[in-house]
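Everything on this sheet refers to the single structure shown next.
The values are calculated or read from the model by the stated rules, or taken from the named source; none is laboratory data. Since this is a predicted model, take the numbers as computed values, not measurements. Here the Cβ is made from the backbone with ideal geometry for all residues, glycine too, and neighbour counts use every protein chain on show.
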Amino acid sequence: MKSSYELAMERLNKNSPAVKLTAAQKKQLAELDSKYTAKLAEREIALKDELNRAAAAGEAEKFEQLQKQLVHERAKIQSELEDKKELVRQGKS
């Protein structure tokens, strides 16, 4: 008798079978992860320096604006990464 987990996994695989990646695709995905992690860290460092300066100067409005910018840039970089990863998975890169 199969568990409910096993049954759910079978249904999931019927609806969207798992994609087998080649070694080259896995390497490309790892390189993208590394590149975008560095890109994100670079932006966070730059913006956190600006955030610290704004906080020290007591500029609350600028501080909030920079926080929103940081959140926006994180989302943008993550979205860009996922788009590029999807292209690799589809074999279009």
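Just checking, which of L51, L47 is modelled with pLDDT under 95, in a helix (DSSP H, G or I), in contact with an Asp or Glu (Cβ under 8 Å, 6 or more places away or on another chain) and surrounded by 13 or more Cβ atoms within 10 Å (Cβ to Cβ)?
It is L47.
Against the condition part of a helix (DSSP H, G or I), without any contact (Cβ under 8 Å) to a residue 12 or more places away in the chain and either hydrophobic (A, V, I, L, M, F, W, C) or touching a strand residue (DSSP E or B) at 6+ places or on another chain (Cβ under 8 Å) (or both), how does M9 come out, does it pass?
Here the answer is yes, as M9 does meet what is asked.
Considering each of E31, E61 in turn, give the residue that is surrounded by 11 or more Cβ atoms within 10 Å (Cβ to Cβ), in a helix (DSSP H, G or I), acidic (D, E) and modelled with pLDDT of 90 or more.
Just a single option satisfies the conditions, and that option is E31.
For the structure I just gave you, tell me whether E73 is among the charged types (D, E, K, R), within 21 Å of K27 (Cβ to Cβ) and either in a helix (DSSP H, G or I) or in contact with a helix residue (DSSP H, G or I) (Cβ under 7 Å, 6 or more places away or on another chain) (or both).
When the stated conditions are applied, E73 does not pass them.
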